[in-house]
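Participant: Pasting a structure here, questions to come.
Read-outs: derived from the displayed coordinates by stated rules, not from any lab. Remember, it's a predicted structure, so these values are computed and weren't measured experimentally. Heads up, the Cβs are rebuilt from the backbone with ideal geometry, glycines too, and the neighbour counts pull from every protein chain shown.
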Amino acid sequence: MKNRWKGFLLILSVFALLFMVACGQQQGGEGKKEITLAYVNWDSEVASTHVIKKVLEEQGFTVELKQVEAGPMWAGVASGSADGMVAAWLPVTHKSYYEKFKNQVEDLGSNMEGTRIGLVVPSYVNADSIADLKQKKGEFDGKIIGIDAGAGVMEATQRAIKDYNLDMTLVEGSDAAMVASLKKAIDTKKPIVITGWSPHWKFAEYDLKFLDDPKESFGGEENIHTIVSKDLKKESPEAYKILDQFHWTTEDMEEVMLAVQQGKKPEEAAADWVKKHSDKVKEWTK
């Protein structure tokens, strides 16, 4: 009887051990479930970051968002304080950050192709090239309305000011302040030149045009890349794979941006888009 009892306990112990090992293997396969994403407060990146956040949450992750400027965004992923970001404009806009941190991060490639940065004016403005601004600076009060100082488009604009020998001042601000200035100028049909990028909801809302850039101060067509920390693939292979498979179009992004502009919260607009485009989301999570 005693031997039978010992045998039963031995079998029970073996099953318990096997169960613990199985659980450990399952947990190790899934990796950590808390993911931190960094992003810049551009309407485009607010849209993309909230969409991928919603997708990750539906796969069981807890996602923390960190809104920062471009430099801290790259530095955060490089240091591991952020697991990733879907907001790297390459090869021009974030060129300096990429060259500084490229050995400390992993580039998963583009999540969107065909983006662009440059100087933008309302279509009624009598200027077609950045070079035209040299003779028309008085019409613009000698100002180019910009966004936050750390943005790559601001760096490229400073380069354009030198390349085209423009005697104009680049005004620092924010995406929201820039759009407010644009709306005020359009309402009164006054000339204005702003730092711009596409995709952005303002191109759907207003009749705008990029100024030609023959000196290519702003470079050519760009892509938006997904950048993750060096450790993410090991720490959370499932999140890594979803971020790696994340890819959408300018039309997709503008759909979310317009919803936010029309009054929806970013979380709500992202959730609506994810629900509407479930087939595309399945491609990211398969």
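Participant: Evaluate the range 116-210: find the radius of gyration of its Cα atoms, find its Kirkwood radius, and give the ratio Rg to Rh.
Facilitator: 0.91
Participant: R0 = 22 Å: FRET efficiency of residue 275 with residue 96, Cβ-based, nearest 0.05? Provide the component values of the computation, followed by the final result.
Facilitator: Values: r = 38 Å, r/R0 = 1.74.
Plugging the Cβ-Cβ distance into 1/(1 + (r/R0)^6) gives 0.05.
Participant: How much length is gained if the chain between residue 126 and residue 282 is pulled fully straight, taking 0.36 nm per residue apart and subtracting their Cα-Cα distance, in nm to one decimal?
Facilitator: Length gained between residue 126 and residue 282: 51.5 nm.
Participant: So if we plug the beta-carbon distance of residue 205 and residue 177 into 1/(1 + (r/R0)^6) with R0 = 25 Å, what FRET efficiency do we get, rounded to 0.05?
Facilitator: 0.95
Participant: Against the globular-protein guess of 2.2 N^0.38 Å, express the Cα radius of gyration of the chain as a ratio, rounded to two decimals.
Facilitator: Taking the Cα Rg and dividing by 2.2 N^0.38 Å, one obtains 1.28.
Participant: Rounded, prolate or oblate for the range 186-271? Axes are the square roots of the Cα gyration tensor eigenvalues, ordered a ≥ b ≥ c, and the cut-off for rounded is a/c under 1.5.
Facilitator: oblate
Participant: Also: Assuming R0 = 51 Å, can you tell me the calculated FRET efficiency for the pair residue 57 and residue 190, based on Cβ-Cβ distance, to the nearest 0.05?
Facilitator: For R0 = 51 Å, the calculated efficiency reads 0.70.
Participant: Any chance you could run the full-extension gain for residue 137 through residue 241? It's 0.36 nm times the residue separation minus the Cα-Cα distance, nm to one decimal. List each step's numbers first, then the result.
Facilitator: On the way: separation 104, 0.36 × 104 = 37.44 nm, distance 4.93 nm.
So the chain would gain 32.5 nm between residue 137 and residue 241.
Participant: What does DSSP give for the range 116-210 in terms of the percent of beta bridges that are antiparallel, rounded to the nearest 5?
Facilitator: 65 percent
Participant: Based on DSSP, what percent of beta bridges with both residues in the chain are antiparallel, to the nearest 5?
Facilitator: 60 percent
Participant: Given +1 on the Cβ of Lys and Arg, -1 on the Cβ of Asp and Glu, and no further charges, what dipole in debye does the chain carry about its Cα centre, rounded to the nearest 20? Display every interim value, and only then the final one.
Facilitator: Numbers: 36 positive and 44 negative charges, 228 e Å.
It comes to approximately 1100 debye.
Participant: Something else about it: Among the helices of the chain (complete DSSP H runs), which have Cα atoms covering no less than 20 Å along the helix axis and a Kyte-Doolittle mean of at least 0.0?
Facilitator: Counting only whole DSSP H runs, the qualifying helices are 2-30.
Participant: Give the lysines whose C-alpha is closer than 19 Å to that of residue 280, dropping any in the same chain fewer than 8 places away, or say none.
Facilitator: Qualifying lysines at Cα under 19 Å: 53, 54, 241.
Participant: So what is the 222 nm mean residue ellipticity for the chain from helices alone, if each DSSP H run of at least 4 adds -39500 (n - 2.57) and you divide by all residues, rounding to the nearest 500 deg cm²/dmol? Don't skip to the end; give the middle numbers.
Facilitator: On the way: 13 runs with 139 residues, N = 286.
Calculated at 222 nm, the ellipticity per residue is -14500 deg cm²/dmol.
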